[in-house]
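Novice: Got a structure here, written out as structure tokens. Questions coming.
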Amino acid sequence: MAHSAQRLLTGIKPTGAIHVGNYFGAMRQIITLLEEYDSYVFIADYHALNQVQNAEEMQSNVLEITKAYLAVGLDPEKITLFRQSDVPVHTELTWIFNTITPMATLELAHAYKDALANGRASNVGLFDYPVLMAADILLYDAAIVPVGSDQRQHVEIAREIGRKFNNSFGETFVLPKEVIQDATGIVPGTDGRKMSKSYNNTIGLFDTEAATTKACMSIVTDSKGATEPKDPETCNVFALHKLFSTDSLADIESRYRAGTISYKESKEMLAANINAYFAPIRAKKVELDQNPEYVLQVLKDGKEKAMVRANAKMAQVRKLCGFN
Ligand code: ADP
Ligand code: TRP
């Protein structure tokens, strides 16, 4: 617990099934980091409401993402894991922050600008997204906020809002610092582009073994025959072997170059290795699927812990605004 006195906070948006790219790019790194700090991790369901506007889907996404993090190794005894909508003061503080946030700040936010540029229908929720995020962060006096680089600007906005409040109402909030969690490498999907749910090229972390094999067999390659030499460095299958076949990588590489492995065999090997790699995590997930009471209890405990801190901060803010 090297930095256990420092508070870390991060949010995870529950917007769909976790894939292998998310695992290597985000989850695995964050789990290691979290246990070093006094960490608060929440499922950002209010943020997800911009995309997911269906109660059943929302409920299921929240539980699935909670189970995913628990299965991967997040220890709810060591960190506070909760659901954003379980702590309603997040939205109360958002309103107060709305009144001190310049329109121009939000008009310049990348996520909003990108949505507009991509012709996505916009709503006030999307526009106000960074203000809700500022409330998430500042309510807990978080010093450290791990995020992907696409979220850097949002943490900057949180800092700006915190500073503005402190200047106007008196020293209240700790100003947070982002810790950028970018993946060291992009995990390619079955078509060779970045693995992403928007490209339909994913291998699901919690897929069945059969579905994993099917996805592996569909990986796009060139049309070289079984006995032709192949270039591992341009092969989408080999790119995934680098993550899952570390013990036999040198051997696979020389067989590629010598032309003694077919793409079919390479894909079958990859599927077997992915299935072996994720077997313990998938087994843990099945255990959690069978124990919904436990998962709900984890979120309930997290809610209690988060509320104590958030409500105390909110009481202070109300008083400063003349609302007590
Ligand atoms: P998607 O592209 O499937 O919508 P998200 O944008 O929800 O994925 O990504 C969630 C997290 O996973 C981010 O931190 C992102 O950097 C990481 N991530 C997503 N896809 C990949 C990938 N193919 N390789 C590495 N990291 C990834
Ligand atoms: N916006 C973040 C994302 O899309 C999720 C998030 C919501 C968050 N609130 C946060 C991250 C507070 C860090 C801190 O990934």
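Novice: If you find the alpha carbon centre of the stretch 6-23 and of the stretch 95-163, how far apart are they in angstrom?
Specialist: 18
Novice: Now, a different point. Using 1/(1 + (r/R0)^6) with R0 = 22 angstrom and r between the beta carbons of ILE180 and ALA17, what's the FRET efficiency to the nearest 0.05?
Specialist: Once rounded, the FRET efficiency stands at 0.30.
Novice: Given the pairs LYS230/LYS284; LYS78/LYS113; LYS13/LYS285; LYS177/LYS242; LYS177/LYS284, which span a C-alpha to C-alpha distance of over 29 angstrom in this model?
Specialist: Over 29 Å Cα-Cα: LYS230/LYS284; LYS78/LYS113; LYS177/LYS242; LYS177/LYS284.
Novice: While we're looking at this one, here's another question. What percent does the relative contact order of the chain come to when contacts are Cα pairs within less than 8 Å and at least six residues apart?
Specialist: 21
Novice: Also, I was wondering about something else. At a threshold of 8 angstrom on Cα-Cα distance, excluding pairs fewer than six apart, so keeping six or more, what relative contact order does the stretch 1-87 reach in percent?
Specialist: Rounded, it is 40 percent for the stretch 1-87.
Novice: Please report the net charge: other residues with Cβ closer than 11 Å to the Cβ of LYS214, K and R +1, D and E -1.
Specialist: Combined, the nearby Lys, Arg, Asp and Glu give -1.
Novice: Charges only on Cβ, +1 for Lys and Arg, -1 for Asp and Glu: so what's the dipole of the stretch 209-294 about the Cα centre, in debye to the nearest 20?
Specialist: Using Cβ point charges on Lys, Arg, Asp and Glu, the stretch 209-294 gives about 120 debye.
Novice: A follow-up question, please. What FRET efficiency do you get for GLU268 and ASP289 if R0 is 22 Å and r is their Cβ-Cβ distance, rounded to the nearest 0.05?
Specialist: Step by step, r from the Cβ atoms, then E = 0.20.
Novice: List every DSSP H helix in the chain whose Cα atoms extend 20 Å or more along the helix's own long axis and whose mean Kyte-Doolittle hydropathy is at least 1.0. Don't skip to the end; give the middle numbers.
Specialist: Details: long enough: 55-72 (26 Å, 0.20); 124-138 (21 Å, 1.49); 152-169 (26 Å, -1.04); 263-289 (36 Å, -0.43); 292-321 (41 Å, -0.37).
Long hydrophobic helices here: 124-138.
Novice: Size of the dipole of the stretch 270-324 about the Cα centre, Lys and Arg at +1 and Asp and Glu at -1 on the beta carbon, nothing else charged, in debye to 20?
Specialist: 420
Novice: Quote to one decimal, in nm, the extra length available between HIS3 and ALA258 on full extension: 0.36 nm per residue of separation minus the C-alpha distance between them.
Specialist: That works out to 86.8 nm of additional length.
Novice: With equal scatterers on the alpha carbons only and no solvent term, can you work out the Debye log10 of I(q)/I(0) for the chain at 0.13, 0.14, 0.16 1/Å?
Specialist: Here log10 of I(q) over I(0) equals -1.00, -1.11, -1.33.
Novice: Could you work out how much longer the chain between THR172 and ALA276 gets when fully extended? Use 0.36 nm per residue separation minus the Cα distance between them, nm to one decimal.
Specialist: Full extension of this stretch gives 32.5 nm more.
Novice: Okay, moving on. Return the aspartates and glutamates within reach of LYS164: Cα separation strictly under 20 angstrom, same-chain partners fewer than 8 residues apart disregarded; answer none if there are no such residues.
Specialist: Of all the aspartates and glutamates, those that pass the test against LYS164 - Cα under 20 Å, at least 8 places apart if same chain - are GLU92, GLU107, ASP128, ASP136, ASP141, GLU156, GLU178.
Novice: Using 7 Å Cα-to-Cβ label points, what is the ILE100/GLN29 separation (nm, one decimal)?
Specialist: Reported label-point gap for ILE100 and GLN29 is 3.2 nm.
Novice: So, in Å, what gap is there between the alpha-carbon centers of the stretch 66-89 and the stretch 43-62?
Specialist: 15
Novice: Where in the stretch 200-233 is the amide nitrogen less than 11 Å from a point lying 7 Å along the Cα-to-Cβ axis of ALA117?
Specialist: The answer is none.
Novice: Sticking with this one: HIS90: accessible area at probe 1.4 Å, nearest 10 Å²?
Specialist: Looks like 0 Å² after rounding.
Novice: In the P(r) worked out for the stretch 1-148, what percent of Cα pairs fall beyond 24 Å? Please report the intermediate quantities before stating the final value.
Specialist: On the way: 3870 of 10878 pairs.
The proportion of pairs with Cα distances above 24 Å equals 36 percent.
Novice: Taking 0.36 nm per intervening residue step and subtracting the Cα-Cα distance, what contour gain separates ASN311 from LYS164 on full extension? Provide the component values of the computation, followed by the final result.
Specialist: On the way: separation 147, 0.36 × 147 = 52.92 nm, distance 2.09 nm.
Between ASN311 and LYS164, full extension yields 50.8 nm more.
Novice: Using unit Cβ charges (K, R positive; D, E negative) and no other charged atoms, how large, in debye to the nearest 20, is the dipole of the chain about its Cα centre? Provide the component values of the computation, followed by the final result.
Specialist: Values: 34 positive and 39 negative charges, 84 e Å.
Computed charge dipole of the chain: roughly 400 debye.
Novice: In deg cm²/dmol, rounded to 500, what helix-only [θ] at 222 nm does the chain give when every DSSP H run of at least 4 residues adds -39500 (n - 2.57) and the total is split over its residues?
Specialist: -16500 deg cm²/dmol
Novice: Taking the solvent-accessible surface of protein heavy atoms with a 1.4 Å probe, what is the per residue accessible area of the stretch 206-285 in Å²?
Specialist: Per residue, the stretch 206-285 has an accessible area of 50 Å².
Novice: How much of the accessible area of the chain, in percent, comes from carbon and sulfur atoms when a 1.4 Å probe is used?
Specialist: Working: 8130 of 15530 Å².
Ligands and nucleic acids excluded, carbon and sulfur give 52 percent.
The values are calculated or read from the model by the stated rules, or taken from the named source; none is laboratory data. Not measured: the values here are computed from a predicted model. Quick reminder, even Gly has a Cβ in these numbers, built from the backbone with ideal geometry, and neighbours come from all protein chains shown. Heavy atoms of the whole protein, side chains included, go into the accessibility calculation; ligands, DNA and RNA do not. Shrake-Rupley method; radii C 1.70, N 1.55, O 1.52, S 1.80 Å.
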